[in-house]
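Encoded as structure tokens, the structure appears first; notes follow it.
The values are calculated or read from the model by the stated rules, or taken from the named source; none is laboratory data. In this text the structure is predicted, and so the values were computed from the model without any measurement. Don't worry about glycine lacking a Cβ; one is built from the backbone with ideal geometry, like all the others, and counts go over all protein chains shown.
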């Protein structure tokens, strides 16, 4: 499995973590990443509102609040969005046609819960600067490749 | 005279019994929330943690996640009340000291008749790296070394301290190591065995073990004097 890039956004759409896992990627300026994350946050909010199915029954079947855009696929990449119940969004970019990315998202969420949320020096909603998190994430995604 | 007075008392109560019974029925209604709040301290069978047998928790395991959250809160609490990194380490050390004092008592009690009072430095340190470490962390310490340069310094190495599993020190905190808490535990145990000393935790970053921590134990001069005497007599 090739994971190209990972974004983590807080519940207000701010980019709190970004990392590329592949060296040959086109990189944007730091500001562009922030704009990208903010834009996605808005699009995601819209897609969860234009849901044509009645929200209440939908929530009953799948649990939790109605979810918006989850997968976007283009010729060059596949983007999977995983939103937690607390509103954190994990955006995982992989190669197109990649199956089981949701499993990877769950695992990344687990690593986040362990190494970010259990770290007493991390301030909630703020950018993630935790060595242990970087290390465990690298270990997990390198093992996948 | 006495009986009469008690009779009068009873007679005064009787007319008031209907409101009194009403009062008790109200209090019984109010009881469920009261008992639920007190059940925080008293479990259903009315036995507190002090009524349990001391060996009960000997082989039981704790959730690492709940420990991590508790320890994280302890660090956060300490951080709010200190000025600098050294103060923070001192505070964590003090927290650990309180834990260590109680642990030594418990472990010596659990050893029962085979319990032995260590008189030599090496014996005490071995008790620490095996008995204390395994009961706390379910593994032995990774290394026990004596300093080459200084007579009074010993080192215990732990490649992955359990207390630091989920903790990343921010760059601006520099040399802080939250295993200062564990250093406090060590200090208390050695103090309790009457080996007064000073213990500090230092990170030794390596590629293989990024969390490796060395506990530096610096004994008081009188411990060394005693050790020399004991060494001469045998």
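Surrounded by fewer than 15 Cβ atoms within 10 Å (Cβ to Cβ), over 22 Å from residue A:43 (Cα atoms) and modelled with pLDDT under 95: does that describe residue A:142? Break it down into steps so the answer makes sense when it comes.
Working: surrounded by fewer than 15 Cβ atoms within 10 Å (Cβ to Cβ): yes; over 22 Å from residue A:43 (Cα atoms): yes; modelled with pLDDT under 95: yes.
Yes.
For residue B:30, are the conditions met, namely being at pLDDT 90 or above and more than 16 Å from the chain's Cα centre (by Cα)?
Criteria not met by residue B:30.
Looking at region B:174-188 only, could you name the residues that are surrounded by 24 or more Cβ atoms within 10 Å (Cβ to Cβ) and away from chain A (no Cβ under 14 Å)?
Matches in region B:174-188: B:182, B:183, B:184, B:185, B:186, B:187.
Among (1) within 14 Å of another protein chain (Cβ to nearest Cβ); (2) part of a helix (DSSP H, G or I), which single condition is residue A:105 missing?
Going through (1) within 14 Å of another protein chain (Cβ to nearest Cβ); (2) part of a helix (DSSP H, G or I) one by one, residue A:105 breaks only (1).
Quick one: residue A:90 ticks every box in (1) over 20 Å from residue A:4 (Cβ atoms); (2) modelled with pLDDT of 90 or more; (3) surrounded by 15 or more Cβ atoms within 10 Å (Cβ to Cβ) bar one, so which box is it?
Against the list (1) over 20 Å from residue A:4 (Cβ atoms); (2) modelled with pLDDT of 90 or more; (3) surrounded by 15 or more Cβ atoms within 10 Å (Cβ to Cβ), residue A:90 comes up short only on (1).
Take region B:133-173 and flag every residue that is within 14 Å of another protein chain (Cβ to nearest Cβ) and in contact (Cβ under 8 Å) with a residue 40 or more places away in the chain.
Across region B:133-173, the qualifying residues are B:160, B:161, B:162, B:163, B:164, B:165, B:166, B:167, B:173.
Using the structure shown, decide if residue B:105 is surrounded by fewer than 22 Cβ atoms within 10 Å (Cβ to Cβ), more than 19 Å from residue B:68 (Cα to Cα) and within 14 Å of chain A (Cβ to nearest Cβ).
no
I'd like to verify a number: residues in region B:111-132 that are surrounded by 12 or more Cβ atoms within 10 Å (Cβ to Cβ) and in contact (Cβ under 8 Å) with a residue 24 or more places away in the chain, how many?
The qualifying residues number 11.
Based on this model, can you work out whether residue A:140 counts as in contact with a helix residue (DSSP H, G or I) (Cβ under 7 Å, 6 or more places away or on another chain), farther than 25 Å from residue A:52 by Cβ and free of Cβ contacts under 8 Å to residues at least 40 places away in the same chain?
yes
If you go through region B:121-169, how many residues are part of a loop (DSSP other than H, G, I, E, B) and within 22 Å of residue B:228 (Cα to Cα)? Steps first, please.
Let us first name the residues in region B:121-169 that are part of a loop (DSSP other than H, G, I, E, B), namely B:138-142, B:147-152, B:159-161, B:165-169.
From what is left, the residues that are within 22 Å of residue B:228 (Cα to Cα) are B:147-152.
So the count comes out to 6.
So which residues in region B:192-203 are closer than 23 Å to residue B:87 by Cβ and either within 14 Å of another protein chain (Cβ to nearest Cβ) or without any contact (Cβ under 8 Å) to a residue 12 or more places away in the chain (or both)?
B:203
Scan (1) within 14 Å of chain B (Cβ to nearest Cβ); (2) outside any loop (DSSP other than H, G, I, E, B); (3) without any contact (Cβ under 8 Å) to a residue 12 or more places away in the chain for the single condition residue A:112 breaks and write down its number.
Only one criterion in (1) within 14 Å of chain B (Cβ to nearest Cβ); (2) outside any loop (DSSP other than H, G, I, E, B); (3) without any contact (Cβ under 8 Å) to a residue 12 or more places away in the chain is unmet by residue A:112, namely (3).
Can you name the residue in region A:66-88 that is touching a helix residue (DSSP H, G or I) at 6+ places or on another chain (Cβ under 6 Å) and in a strand (DSSP E or B) and, of all such residues, is nearest to residue A:11 (Cα to Cα)?
Ranking the candidates gives A:82 first.
With (1) surrounded by 14 or more Cβ atoms within 10 Å (Cβ to Cβ); (2) in contact (Cβ under 8 Å) with a residue 40 or more places away in the chain as the list, and residue B:98 as the residue in question, which single condition is left unmet?
Here residue B:98 clears every test but (1).
Restricting attention to region A:118-137, does a residue exist that is more than 11 Å from chain B (Cβ to nearest Cβ), over 21 Å from residue B:210 (Cβ atoms), assigned to a helix (DSSP H, G or I) and out of contact with any strand residue (DSSP E or B) (no Cβ under 8 Å at 6 or more places or on another chain)?
no
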